[in-house]
Each structure stands twice: as structure tokens, then as C-alpha cells.
1. Of F113, F136, which residue is aromatic (F, W, Y), within 23 Å of Y17 (Cα to Cα) and touching a residue at least 12 places away in the same chain (Cβ under 8 Å)?
2. Got at least one residue in the stretch 58-67 being in a helix (DSSP H, G or I), modelled with pLDDT of 95 or more and within 16 Å of the chain's Cα centre (by Cα)?
3. Starting from the stretch 93-104, keep only residues that are touching a residue at least 60 places away in the same chain (Cβ under 8 Å) and among the charged types (D, E, K, R), then list their pairs with residues that are in a strand (DSSP E or B) and surrounded by 19 or more Cβ atoms within 10 Å (Cβ to Cβ) whose Cβ atoms are within a distance under 8 Å, requiring at least 6 positions of separation or different chains.
4. Of the residues that sit in the stretch 88-111 and are part of a helix (DSSP H, G or I) and of a type in the set (G, A, S), which one is nearest to L130 (Cα to Cα)?
5. Which of the numbered conditions does V71 fail, given that it passes all the others? Conditions: (1) touching a Ser or Thr at 6+ places or on another chain (Cβ under 6 Å); (2) at pLDDT below 95; (3) part of a loop (DSSP other than H, G, I, E, B).
6. For the stretch 144-160, what are the residues that are surrounded by 10 or more Cβ atoms within 10 Å (Cβ to Cβ) and part of a helix (DSSP H, G or I)?
7. Out of D125, D117, report the one residue that is surrounded by fewer than 20 Cβ atoms within 10 Å (Cβ to Cβ), at pLDDT 95 or above and farther than 22 Å from D166 by Cβ.
Amino acid sequence: MRIFIGCSAKDTVPLDYKVLASDVSTMLAKRGDKLVFGGFEGGMMGKCYYTFRYEGARVKAIADVTDAEMVDGLDLDASEITLNTFKRTEALFESSEAILLLPGGIGTFREFFAMIDEKRTKGYDKPIILFNYNKFFSPLLNVLTKCYEDGFVSKKDLRLFDVVSDIKSLEMYLNNLERK
């Protein structure tokens, strides 16, 4: 399965988040999954990239034109350069069979909301998974619940994504997808 992993590319994130990225990537690569990612080799994103390569798994990077030079130095099976970050998010979505969001910053949140909106408006059946490690996404989930309670989003909108909080649950979720 081609899985886009959205996460932080910042080197300043705590070590346990980088370990999480590596551990998740090890599990996915050993399952035979392929990585689709944003083309940065720093932070958690870099841990995903290097882990997939270490495990001998296939990797595709998608970056916007301002970050094209970062992709040039990476060992990739495929790459794509887009005109801007809007097109990059679209290409990440279209190149993936599943979306997995690990903790991250503004870019990760942008990707999450853009991708659930695309799924909502176009009716895609592509799984979107929030990995709620250390309750990182709990404040966001609380905001979305408040939006539902106040009538801004529907119950159907809240079902556009799923939440897991550990690697075992993620692996079981993905195994169940493949059985369908």
C-alpha cells in the first residue's frame, strides 16, 4: 500500500517523536508498504525516509518547486516537483492509497484539513488516520467535537478520518483495510 506520512520536518521536535516516526516506518516497511512523503530529510519526516530506505522499501518524494533542491540529494524510487504547496498537497493525496498523520506543525494540519475536505467533497474512500501519540491530537479532536456540538460540522464529517494511538492499533487497522 502507498502511504503518505505527514509529520514534522523540524529537527527541534523531541526525540520520542522521532523514535515514533522510525518505529511506525519500520512496521510499515516490514509490511511491504511504500512511503510517499514531502521530500525533507529532517525531523520526523527524515526518520520516516531513512527508515524506509534502511528497510529496502520504496519511497516517493513530492516537493514544491522552492524545495526541489532538497529532493535532488535523496535516494528515491520516484519524485515529483509541484508548482506550489497547494499542488503538493494534492499530489501527495493522489499518489497515496492511505493517509497517515503523525504529530506535526502547520503543514501537517494543513494537509489533514485539505485531505479530509477533498475526501468529503469528492467522496473518496481513502482512509485518513490520525496517530494520536501521547494525546498530541486530542486538543484538535476536542475542537472538532465542539464544532459538531455547535452545528459547524456533521457527524458524517467526523467519520472522514480515524484515530489510532499506538503502533499495534495502526497495524491492526491497516490489516483490516487489506481484508476488505
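The values are calculated or read from the model by the stated rules, or taken from the named source; none is laboratory data. Not measured: the values here are computed from a predicted model. All Cβ positions, glycine included, derive from the backbone under ideal geometry; neighbour counts span all protein chains shown.
1. So the residue among F113, F136 that is aromatic (F, W, Y), within 23 Å of Y17 (Cα to Cα) and touching a residue at least 12 places away in the same chain (Cβ under 8 Å) is F136.
2. There is no residue in the stretch 58-67 that is in a helix (DSSP H, G or I), modelled with pLDDT of 95 or more and within 16 Å of the chain's Cα centre (by Cα).
3. Once the first residue is touching a residue at least 60 places away in the same chain (Cβ under 8 Å) and among the charged types (D, E, K, R) and sits in the stretch 93-104, its partners that are in a strand (DSSP E or B) and surrounded by 19 or more Cβ atoms within 10 Å (Cβ to Cβ) give E97/I3.
4. Ranking the candidates gives G107 first.
5. (3)
6. L144, T145, K146, C147, Y148, D157, L158
7. Being surrounded by fewer than 20 Cβ atoms within 10 Å (Cβ to Cβ), at pLDDT 95 or above and farther than 22 Å from D166 by Cβ holds for just one of D125, D117, which is D117.
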